[in-house]
Amino acid sequence: MRRREFITLVSSAAAWPIAARAQQAAMPVIGLLHPTSLEGFEENLRGFRQGLKEAGYVEGENVAIEFRWADNQLDRLPGLAADLVRRRVAVIVTASPPAAFAAKQASATIPIVFGMAQDPVNLGLVANLARPGDNLTGVNFLLTELTAKRLELLRQLVHDAKRVAVLVNPAQAKNTENTLRELETAAQATGLQIQIFNVRTSRDIDATFADFDRAHFDALFVGSGTLFTARRVQLTQWAAHHRIPASYAGREFPEAGGLMSYGSNTTDAFRQLGVYAGRILKGAKPADLPVVQSSKFELVINQQTARILGLTVPPSLLLIADEVID
């Protein structure tokens with residue numbers, strides 16, 4: 001081999017790692033800000049990655065994801081959001097209103113794609129659904145809006161119910177306010193008596209269920225929100241201990257042994273978040289992307305739990321259930 005060819009070959013080989021590093025450095029980074037932890041989020045994360053793939057992005061190939069988990073400590077969200085801004089991520093994806101507001105406060109320029117269970121216009125997060133404005137857009141899971149339907153389905157399963165205990169988290173003020181307004185209207189229409197219990201922590205949940213020993217309830221309605229999702233095992237075990245039929249907002253609960261759930265298909269909602277994140281990476285502006293309203297809802301019933309509680313699931317419910325866990 002000639003000396004000049006050898007030098008050229010060696011120089012090219014030496015340049016490969018530099019080129020690879022440059023390509024890696026140029027890879028866009030998505031920051032994912034979540035109020036809880038990876039545990040229980042795996043299926044939604046699968047949906048998010050599927051949405052990215054539909055938009056032309058695969059993690060590790062042409063996009064990177066930086067995860068920031070608050071581990072149920074909401075006061076950590078502003079600092080985690082600021083950290084993503086310092087990281088100069090291309091897009092911030094958030095789950096829950098507290099995470100969305102933390103990201104919005106941290107940056108007025110980095111695109112933010114949010115997922116939440118209530119109306120972002122009512123929260124003051126965006127101007128309107130069709131043209132959100134500023135640097136935010138996302139998906140509304142519509143869990144709050146499904147409150148009356150959830151209560152109706154619970155009544156169909158526990159047809160002789162009279163008194164219903166309701167768990168809500170006052171820390172999520174707007175969500176709680178809207179949920180209770182829907183519940184009270186639906187309860188009046190069906191003749192149900194509801195009693196509200198405010199819980200903010202795991203200890204509050206334990207204390208509330210201890211009260212159930214002194215007060216008899218025919219059923220339990222658990223509000224939506226990250227606190228309850230993160231504590232789903234605790235909630236379903238307490239419900240089983242007290243033999244109280246309970247309705248929840250997501251399929252994670254009957255999968256953990258809860259009786260039934262009705263709500264948006266959050267895996268599909270996070271798929272849409274992935275699609276939007278990918279479109280923004282390609283140059284779309286959040287202000288021009290309408291807020292998506294979830295259109296896929298699912299009823300999940302744990303038949304085994306129903307049998308343990310001595311309940312017979314009506315054929316009408318089995319017919320419309322998207323999944324029956326047996």
* Structure fact -> Scanning segment 119-133 residue by residue, those charged (D, E, K, R) and modelled with pLDDT under 90 turn out to be ASP119
* **Single residue of ASP83, ASP75, ASP71, ASP134 found to be more than 30 Å from ILE244 (Cα to Cα), part of a loop (DSSP other than H, G, I, E, B) and charged (D, E, K, R)** => ASP134
* Structure fact -> Checked pairs for segment 298-326, first closer than 23 Å to THR267 by Cα, second in a helix (DSSP H, G or I) and aromatic (Phe, Trp, Tyr), C-beta under 8 Å and 6 or more apart or across chains, list as none
* Asked: On the given criteria, is GLY263 in a helix (DSSP H, G or I), within 16 Å of the chain's Cα centre (by Cα) and touching a residue at least 12 places away in the same chain (Cβ under 8 Å)?
  -> no
* **Matching residues in segment 261-317 - criterion: being of a type in the set (Ser, Thr, Tyr) and touching an Asp or Glu at 6+ places or on another chain (Cβ under 6 Å)** => THR267
* Can you give me the number of residues within segment 48-87 that are within 21 Å of the chain's Cα centre (by Cα) and on the phi > 0 side of the Ramachandran plot? => 2
* Structure fact -> (1) modelled with pLDDT of 95 or more; (2) in a helix (DSSP H, G or I); (3) hydroxyl-bearing (Ser, Thr, Tyr); (4) in the same structural domain as ALA165 (by TED's automatic domain parsing) all hold for SER247 apart from (2)
* Within segment 160-190, how many residues turn out to be free of Cβ contacts under 8 Å to residues at least 24 places away in the same chain and either of a type outside the set (A, V, I, L, M) or surrounded by 13 or more Cβ atoms within 10 Å (Cβ to Cβ) (or both)? -> 5
* Structure fact -> From the option list ALA230, ALA246, ALA240, single residue qualifying as under 25 Å from LEU180 (Cβ atoms) and surrounded by fewer than 24 Cβ atoms within 10 Å (Cβ to Cβ) is ALA230
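The values are calculated or read from the model by the stated rules, or taken from the named source; none is laboratory data. Keep in mind the model is a prediction, meaning the values are calculated, not measured. Neighbour counts run over all protein chains shown; Cβ positions are idealised from the backbone, glycine included.
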